[in-house]
Amino acid sequence: MTLVHGYVFLRLYSLPLRKRWVGRAVFIAAGVALWLVFFLGLVFGRHGQGVTAAFLEIAGMHWMGSVFLLAVCLFISDVACGFGFLFRKAASRIRTVGVACGLVLIVMAHVQGLRPPVVEDYDVPIQGLSAELDGTTIVVLADLHAGDMTVGPGWLNARVDQVQALRPDCIVLVGDLFERGCDPANMIPVMRRLSAPLGVWAVRGNHDFMWRNRRDVTGEILAGAGIRLLENEWGRMTDGLLIAGVDDLTTTRRRTGGGEATVERALANRPADPTIFLSHTPWMTNRAAEADVSLMLSAHTHNGQIWPFNYLVRTVYPYIQGRYNIESMTLIVTRGTGTWGPRMRLWSPGEISRVTLRKGQ
């Protein structure tokens, strides 16, 4: 981000509009100050307390998203003018257009980031599903990141209202639910409002993972709200339908016995009924398909959250958003209900997934 920041300010420094309106000393001071806001927000914002730490975190993250979009548009303008070696007389004008486009995208990203998530519908045929369970609806929430900066109980209450209005048969929470700075006392009453005939189930994401000597905020909130947390295990949702869940694979793969071993443990010794499998990170998909999982629900990627970051995310997570067929298993990767870092999204609105199970092949 420091390199990106430097690139943006070098390009802005060369623009005629800057030379006309902003002096050199003021411009350099502004660049250093904005970099310091980002740096201090990164270092102290997530670990400090009080108004100052919160301001640094919010300002630093939003500046990070904004300078990223400016860099993208300036880079495109640089390519268009051959980095100044082609169309030399027009290079400044082309870069000025790039800055204007970047500012428009920054505004759009903030507007989209503050909008409520949309409801995405999926119909999934499940082999072996009984006629009685045909039409069962599962609503998926993921990547809430509640307690992160501006995402508080008010925002979470509104999402609960959205979910309950869908009248689901089952609700699943697929990880990255709560940031460690949030107060369980504020979140438990909100989460307790989630209810469905076939239960409310959850798995941990990388932000929910338990670390030594760190308070298990997510575990406290889920337990206080009466939500069943699946930790490398399976359970019975109802007669003829199982649900299994695994701890976040991004984290467990770094540990001995993690990754594939945790997936095997979560799916071991279960009956032959259709199985819904919850995994925050969309990895080990082939292993889940080989274990006769009917439907796998994942999250984590946010579909990049801010275009064109999704192209970089795709290099690590090939299944980045939407629906995929892997052998006889269906994989659905939600874009995430909330945001991480800045409240910004571009071309990738937040999502609440509603999955309807259908009897069929």
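The values are calculated or read from the model by the stated rules, or taken from the named source; none is laboratory data. This structure is a prediction, so every number in the text was calculated from the model and none was measured. Note that we place each Cβ from the backbone using ideal geometry, even for glycine, and neighbour counts take in every protein chain shown.
Filtering the stretch 1-58 to residues that are among the small types (Gly, Ala, Ser) and either within 24 Å of the chain's Cα centre (by Cα) or under 26 Å from His207 (Cβ atoms) (or both) leaves Gly41, Gly45, Gly48, Gly50, Ala53, Ala54.
Among what's in the stretch 90-137 and is among the polar types (S, T, N, Q) and assigned to a helix (DSSP H, G or I), pick the residue that is modelled with the lowest pLDDT. Across the stretch 90-137, the extreme among qualifying residues is Ser92.
A single member of Gly41, Gly50 is modelled with pLDDT under 85 and buried (at least 22 other Cβ atoms within 10 Å of the Cβ), and it is Gly41.
When the residues of the stretch 350-361 are filtered to those that are of a type outside the set (Gly, Ala, Ser) and either part of a strand (DSSP E or B) or modelled with pLDDT of 95 or more (or both), the one that is nearest to Phe39 (Cα to Cα) is Glu351. Please verify whether Pro125 is farther than 24 Å from Leu3 by Cα, touching a Gly at 6+ places or on another chain (Cβ under 6 Å) and surrounded by fewer than 16 Cβ atoms within 10 Å (Cβ to Cβ), treating the condition exactly as stated. In short, yes. Touching a residue at least 60 places away in the same chain (Cβ under 8 Å), farther than 29 Å from Phe209 by Cβ and among the charged types (D, E, K, R) - does that describe any residue in the stretch 122-130? Among the residues of the stretch 122-130, at least one is touching a residue at least 60 places away in the same chain (Cβ under 8 Å), farther than 29 Å from Phe209 by Cβ and among the charged types (D, E, K, R), which makes the answer yes. With Leu177, Leu166 as the choices, which residue is surrounded by 17 or more Cβ atoms within 10 Å (Cβ to Cβ) and in contact (Cβ under 8 Å) with a residue 40 or more places away in the chain? From the options Leu177, Leu166, the qualifying one is Leu177. Selection of the stretch 2-31 for residues being hydrophobic (A, V, I, L, M, F, W, C) and outside any helix (DSSP H, G or I) yields Leu15, Val22. Pick from Trp307, Trp340: which is in the same structural domain as Glu290 (by TED's automatic domain parsing) and under 28 Å from Leu166 (Cα atoms)? Result: Trp340 is the single residue among Trp307, Trp340 that is in the same structural domain as Glu290 (by TED's automatic domain parsing) and under 28 Å from Leu166 (Cα atoms).
Put simply, of Gly199, Gly240, Gly205, Gly235 the only residue that is among the small types (Gly, Ala, Ser) and either free of Cβ contacts under 8 Å to residues at least 12 places away in the same chain or under 28 Å from Glu57 (Cβ atoms) (or both) is Gly205. Would you check which residues across the stretch 312-361 are charged (D, E, K, R) and crowded, with 19+ Cβ neighbours inside 10 Å and list them? If the condition is that a residue be charged (D, E, K, R) and crowded, with 19+ Cβ neighbours inside 10 Å, then Arg335, Arg343, Arg345, Glu351 are the ones that fit. Checking the stretch 32-47 against the condition returns a match, with at least one residue being under 23 Å from Asp143 (Cα atoms) and not in a helix (DSSP H, G or I). Restricting attention to the stretch 286-311, the residues being buried (at least 23 other Cβ atoms within 10 Å of the Cβ), of a type in the set (S, T, N, Q) and either in contact (Cβ under 8 Å) with a residue 40 or more places away in the chain or touching a Ser or Thr at 6+ places or on another chain (Cβ under 6 Å) (or both) number 4. Among the residues of the stretch 314-343, those identified as modelled with pLDDT of 95 or more and among the hydrophobic types (A, V, I, L, M, F, W, C) are Ile320, Ile326, Met329, Leu331, Ile332, Val333. No other residue among Ala158, Ala196, Ala165 is under 16 Å from Pro117 (Cβ atoms) and over 19 Å from the mean Cα position of the chain (by Cα) apart from Ala165.
Annotation note: of Asp208, Asp161, the sole residue that is assigned to a loop (DSSP other than H, G, I, E, B) and assigned by TED's automatic domain parsing to the domain that holds Gly235 is Asp208.
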